[in-house]
Structures are given as structure tokens and as C-alpha cells.
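**Student:** This is the structure, below, for whatever I ask next.
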Amino acid sequence: MYIVKYTGPFGFIKPWTAVRDEETFSQQFLTPSIVAGIERKLFPELLRKQYGIYKIKRHRLSYSQISSQQEQTQPRGWNEKGRGIKKEYSRPYAILTRGVLLNPVLFLAFEDQADAKIAQTQHICLARNEDMLYAVDDILEVTEDEFDTNEEMFRGFELIFGESKEAFMVGYNRLNNNQPMFGTLKVFGNPVRNNY
């Protein structure tokens with residue numbers, strides 16, 4: 001496998017269960033739809049293909065801590081009050097606390113070295129446009145066994161996609177007719193890093 005390492009100052013992965021939560025902490029793993037979205041950003045020719053993950057074989061995500069930040073929000077709709085010429089419309093403000101990953105490190109593993117080289121020349125986003133991660137270091141060539149056993153170098157969270165006894169639902173896939181997505185969360189080493 002060919003590994004490309006991405007880092008950035010912060011990142012937020014909104015959990016699918018956080019639609020109206022007052023406190024929304026960043027999810028520590030990537031769902032199948034997020035990986036498919038990253039893949040399509042790196043390889044735009046895949047936009048014409050049917051939904052699936054074609055080039056990214058594995059991934060691993062770690063971070064240094066979660067920072068709680070407040071964000072002001074407004075609902076989409078308007079509240080109507082009064083009648084006739086005294087009718088007023090308003091959109092109330094709310095404050096929510098959002099937990100953002102600090103110093104995320106993401107490893108993307110590719111089967112093909114040419115794909116890894118293309119990926120290494122680009123930036124990616126975990127889930128929001130403003131959370132950019134940039135490729136750093138050289139492409140690493142390792143076996144899948146080394147990727148799974150070298151917990152110091154490749155520590156982090158990885159969602160192994162698919163249904164199994166240990167799998168849980170991680171959301172609905174908007175790219176695939178809102179089909180439910182499942183995965184098993186694997187933890188390699190200590191995914192919360194003390195050093196950067």
C-alpha cells in the first residue's frame with residue numbers, strides 16, 4: 001500500500017445524530033460517504049461513476065485534542081408574529097457548543113502508487129470546506145500488515161466499512177439513495193496524540 005499523510009490545524013466531522021444538539025462534538029472517524037467525497041475531490045473523474053469507493057483502500061485519523069467552541073446559529077425558517085401591517089418576521093439566534101479536532105492527522109492508503117502521487121499534490125477537507133488538510137512528507141510504501149501493526153506510526157481511529165456483529169449505524173448516505181451506512185470502529189495505538 002502507498003500511504004499519504006495529511007495534516008492541518010483543525011477539523012470538524014459532524015455526526016449524523018447532531019441535527020439539533022446543543023453540544024455537538026466532532027466525530028473521530030470517517031464514514032463511507034466522507035471517504036467517497038474525499039476520493040471524488042482528489043479524482044474528479046470518479047464523479048461520473050456510480051457511488052462507491054474505488055481508490056482509497058484504508059484510512060486512519062488521529063488528533064491532539066478536541067477544542068470546545070461556541071457558534072451562533074439561526075434556523076432556516078422565519079417566525080411570523082402579528083397581523084396586517086404590524087406583521088413581523090424574525091429568525092431567532094441560538095448558541096451551540098461545537099467540539100473541533102485540533103491538529104488532525106489523516107493517513108490515506110492507496111493500492112496504486114500513481115493514485116498516491118496524485119493525492120499527494122492536493123489538499124482535502126474532512127467534512128467542512130474551511131477545515132483543509134495538506135499532504136506532508138513523502139509517500140510511504142508499507143504492507144497492509146505493517147499499517148495494522150505499527151501503532152506508533154499509524155495510530156488512530158478507522159471505521160472498517162460494512163455490516164458485522166460489531167458494526168453500528170453511522171448515518172444515511174446521501175450519495176447512495178439515503179441507504180444506511182454501517183461500520184466497525186477500530187482503534188490503533190493511542191489516537192489522541194501528546195506530540196505534534
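The values are calculated or read from the model by the stated rules, or taken from the named source; none is laboratory data. Computed from a predicted structure; not experimentally measured. Cβ placement follows ideal geometry from the backbone for every residue including glycine, while neighbour counts extend to all protein chains displayed.
**Student:** Out of the residues in the range 31-57 that are among the aromatic types (Phe, Trp, Tyr) and touching a residue at least 40 places away in the same chain (Cβ under 8 Å), which is farthest from Pro15 (Cα to Cα)?
**Tutor:** Here is the first cut: in the range 31-57, the ones among the aromatic types (Phe, Trp, Tyr) are 43, 51, 54.
Now restrict to residues that are touching a residue at least 40 places away in the same chain (Cβ under 8 Å): 43, 51.
Details: Phe43: 25, Tyr51: 21 Å.
Among those residues, the one meeting the criterion is Phe43.
**Student:** I'd like to verify a number: residues in the range 73-89 that are under 21 Å from Glu22 (Cβ atoms) and touching a strand residue (DSSP E or B) at 6+ places or on another chain (Cβ under 6 Å), how many? Reasoning before the result, please.
**Tutor:** Within the range 73-89, the subset under 21 Å from Glu22 (Cβ atoms) is 73-77, 79.
Filter once more, so that each one left must be touching a strand residue (DSSP E or B) at 6+ places or on another chain (Cβ under 6 Å): 73, 79.
So the answer is 2.
**Student:** For the list (1) without any contact (Cβ under 8 Å) to a residue 12 or more places away in the chain; (2) charged (D, E, K, R); (3) in contact with a strand residue (DSSP E or B) (Cβ under 7 Å, 6 or more places away or on another chain), I need the number of the one condition that Arg60 fails.
**Tutor:** (1)
**Student:** Scan the range 167-194 residue by residue and report those that are polar (S, T, N, Q), exposed (fewer than 12 other Cβ atoms within 10 Å of the Cβ) and either in contact (Cβ under 8 Å) with a residue 60 or more places away in the chain or in contact with a helix residue (DSSP H, G or I) (Cβ under 6 Å, 6 or more places away or on another chain) (or both).
**Tutor:** Let us first name the residues in the range 167-194 that are polar (S, T, N, Q), namely 173, 176-179, 184, 190, 194.
Among the residues that remain, those that are also exposed (fewer than 12 other Cβ atoms within 10 Å of the Cβ) are: 177-178, 194.
Once the filter is applied, which keeps residues that are polar (S, T, N, Q), exposed (fewer than 12 other Cβ atoms within 10 Å of the Cβ) and either in contact (Cβ under 8 Å) with a residue 60 or more places away in the chain or in contact with a helix residue (DSSP H, G or I) (Cβ under 6 Å, 6 or more places away or on another chain) (or both), the range 167-194 yields only Asn194.
**Student:** Still on this structure, please answer the following. Give, as residue ranges, the strands (runs of 3 or more DSSP E) completely inside the range 1-94 that count at least 3 residues that are modelled with pLDDT of 90 or more and more than 21 Å from the chain's Cα centre (by Cα).
**Tutor:** Values: elements: 2-7, 23-25, 56-62, 65-73, 79-81, 88-90.
Passing ranges: none, list empty.
**Student:** Based on this model, can you work out whether Lys87 counts as over 17 Å from Ala127 (Cα atoms) and free of Cβ contacts under 8 Å to residues at least 60 places away in the same chain? So that I can check it myself, show each step before the final result.
**Tutor:** On the way: over 17 Å from Ala127 (Cα atoms): yes; free of Cβ contacts under 8 Å to residues at least 60 places away in the same chain: yes.
So Lys87 passes the test.
**Student:** Considering Asp112, Asp145, Asp138, Asp131, which residue is more than 15 Å from the chain's Cα centre (by Cα), of a type outside the set (Gly, Ala, Ser) and at pLDDT below 95? Step through it out loud before you land on a result.
**Tutor:** On the way: Asp112 fails: at pLDDT below 95; Asp145 fails: at pLDDT below 95; Asp131 fails: more than 15 Å from the chain's Cα centre (by Cα).
Sole residue among the options that is more than 15 Å from the chain's Cα centre (by Cα), of a type outside the set (Gly, Ala, Ser) and at pLDDT below 95: Asp138.
**Student:** Same structure, new question: With the requirement that a residue be in contact with a Gly (Cβ under 6 Å, 6 or more places away or on another chain) and under 22 Å from Ile38 (Cα atoms), what does the range 88-128 give you? Step through it out loud before you land on a result.
**Tutor:** Start the filter on the range 88-128 by keeping residues that are in contact with a Gly (Cβ under 6 Å, 6 or more places away or on another chain), which leaves 88, 101, 104, 126.
Of everything in the range 88-128, those that are in contact with a Gly (Cβ under 6 Å, 6 or more places away or on another chain) and under 22 Å from Ile38 (Cα atoms) turn out to be Leu101, Pro104, Leu126.
**Student:** Separate question: Before we move on, is Ile160 touching a Phe, Trp or Tyr at 6+ places or on another chain (Cβ under 9 Å) and among the hydrophobic types (A, V, I, L, M, F, W, C)?
**Tutor:** Values: touching a Phe, Trp or Tyr at 6+ places or on another chain (Cβ under 9 Å): no; among the hydrophobic types (A, V, I, L, M, F, W, C): yes.
Answer is no for this residue.
**Student:** Another one. Hey, can you tell me all the residues within the range 89-103 that are surrounded by 10 or more Cβ atoms within 10 Å (Cβ to Cβ) and hydroxyl-bearing (Ser, Thr, Tyr)?
**Tutor:** Tyr89, Ser90, Thr97
**Student:** Looking only at the range 110-157, which residues are part of a strand (DSSP E or B), over 30 Å from Ser68 (Cα atoms) and in contact (Cβ under 8 Å) with a residue 60 or more places away in the chain? Walk me through how you get there before you give the answer.
**Tutor:** Narrowing the range 110-157 to residues part of a strand (DSSP E or B): 110, 123-125, 132-141, 156-157.
Then drop every residue that is not over 30 Å from Ser68 (Cα atoms), which leaves 110, 138-141.
Once the filter is applied, which keeps residues that are part of a strand (DSSP E or B), over 30 Å from Ser68 (Cα atoms) and in contact (Cβ under 8 Å) with a residue 60 or more places away in the chain, the range 110-157 yields Phe110, Ile139, Leu140, Glu141.
**Student:** Here's another thing I want to ask about it. Search the range 115-141 for residues being of a type in the set (A, V, I, L, M) and more than 16 Å from Arg40 (Cα to Cα), and hand back the single one that is surrounded by the most Cβ atoms within 10 Å (Cβ to Cβ). Outline the logic, then answer.
**Tutor:** Quick first cut of the range 115-141, residues of a type in the set (A, V, I, L, M) only: 116, 118-119, 124, 126-127, 132-133, 135-136, 139-140.
Retained after the next criterion (residues that are more than 16 Å from Arg40 (Cα to Cα)): 135-136, 139-140.
Numbers: Ala135: 19, Val136: 12, Ile139: 15, Leu140: 17.
My answer is Ala135.
**Student:** Would you mind stating whether Phe107 is assigned to a loop (DSSP other than H, G, I, E, B), surrounded by 18 or more Cβ atoms within 10 Å (Cβ to Cβ) and of a type in the set (Phe, Trp, Tyr)?
**Tutor:** No.
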